[in-house]
1. Using alpha-carbon pairs under 8 Å, 6+ residues apart, how would you state the relative contact order of the chain in percent?
2. List the aspartates and glutamates whose Cα sits under 20 Å from the Cα of residue 23, skipping any in the same chain fewer than 8 residues away.
3. Provide the per residue accessible area, probe 1.4 Å, for the stretch 22-72, rounded to a whole number of square angstrom.
4. Lys and Arg at +1, Asp and Glu at -1: add these up for the other residues within a Cβ distance under 14 Å of residue 249 and post the number.
5. How many nm separate the modelled label positions at residue 123 and residue 88, each set 7 Å beyond the Cα in the direction of the Cβ?
6. Just the accessible area for residue 211, please: 1.4 Å probe, Å², rounded to the nearest 10?
7. Arrange the peptides 97-106, 220-229 so that the one whose residues have, on average, the most other Cβ atoms within 10 Å appears first.
8. Calculate for the chain the 222 nm mean residue ellipticity that helices alone would give, adding -39,500 (n - 2.57) per DSSP H run of length 4 or more and normalising by residue count, nearest 500 deg cm²/dmol.
Amino acid sequence: MIKQLAFDPMRVLVTGGSGLVGKAIEHVVKQEGGCLEGEQWTFLSSKEANLVDLQQTRAVFEKYRPTHVIHLAAKVGGLYLHMKENLHFLRDNLRINDNVLQTSHERGVTKVVSCLSSCIFPDKTTYPIDESMIHNGPPHDSNFGYSHAKRMIDIQNRGYFAQHGRRYTAVIPTNVYGPYDNFNFENGHVLSALMHKTYAAKKEGTPLQVWGSGTPRRQFIYSLDVARLFLWVLREYDEIDPIILSVGEEEELPIKDAVEMIADALDFKGQIFDTSKSDGQMKKTASNAKLRRYLPDFTFTPLSEGIKKTCDWFVNNYDIART
């Protein structure tokens, strides 16, 4: 681990600090002893600065004077919102990313670790996907705006290194879930939306309607695992090229199996799959071989355990959860 000297503090600014991954990093830093001596951490929420606006971005960097940035902030949503508003997702995310990266460069930030998404990979591809394949073809039509905006972070990182020697990089988590996720029925990520739907169906005594066939396959990674890996990337990972943060290919499973785990966690019976709704991509198997070369012994939280912890958190924190 890089240890900053007392007179040279490492000031880490986390954009999107109130979201799923931001809250997980905050938990690891503040409650798992993840903060090293001499580090100062600031978790920024959209209430403090709208990063679509350059002046607000510059003002918040002036206020906190970060030496390191974890860039999580993004305009995000579920499959169906992306399908409706691709242009909106493209323009807002291009602005956010350019403002954060350029302001980081102007202020001499040592390192930026941005968060990409597995949806950026080409729709027509071979599997498993790895880090070298990001730009090998267009992404899936359902979220092309968000995907292209995220891909451009990788292009900008290469540019800042080539032109200015900046060590800015990015990670690509697969499907992240956990406490503090967006549990909204329409705009939440797949597992969190299903948790809320299941909770509501149980409460109301109605069947659970799952959109799609349940056959698409996904790799799910618990948010606290992602957070622990983010700290490693921030301190230890020196490549400009991105790195996939994911469980192994053998852990990919049909959404139907995850639905059953959620039903078990919430003690619910009675699912109905609405096959008139879109499934999105049927699979996007990602390789974690590069991560395993660096961290062969990293232990991932088993999906059933992570789902149970997340369901328990949602039930116990329903009043404050994003629904």
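1. Rounded, it is 19 percent for the chain.
2. 32, 39, 48, 181, 225, 305, 312, 319
3. For the stretch 22-72, the per-residue accessible area is 51 Å².
4. Counting the neighbours of residue 249, the net charge comes to +2.
5. Roughly 2.1 nm, to one decimal.
6. 80
7. Highest mean packing first, the order is 220-229, 97-106.
8. The per-residue figure over the chain is -13000 deg cm²/dmol.
The values are calculated or read from the model by the stated rules, or taken from the named source; none is laboratory data. Everything quoted here is computed from the prediction, not taken from an experiment. Neighbour counts are summed over all protein chains in view; Cβ atoms, including those assigned to glycine, are modelled from backbone coordinates with ideal geometry. The accessibility values were calculated without ligands, DNA or RNA, using every heavy atom of the protein model including side chains. Shrake-Rupley method; radii C 1.70, N 1.55, O 1.52, S 1.80 Å.
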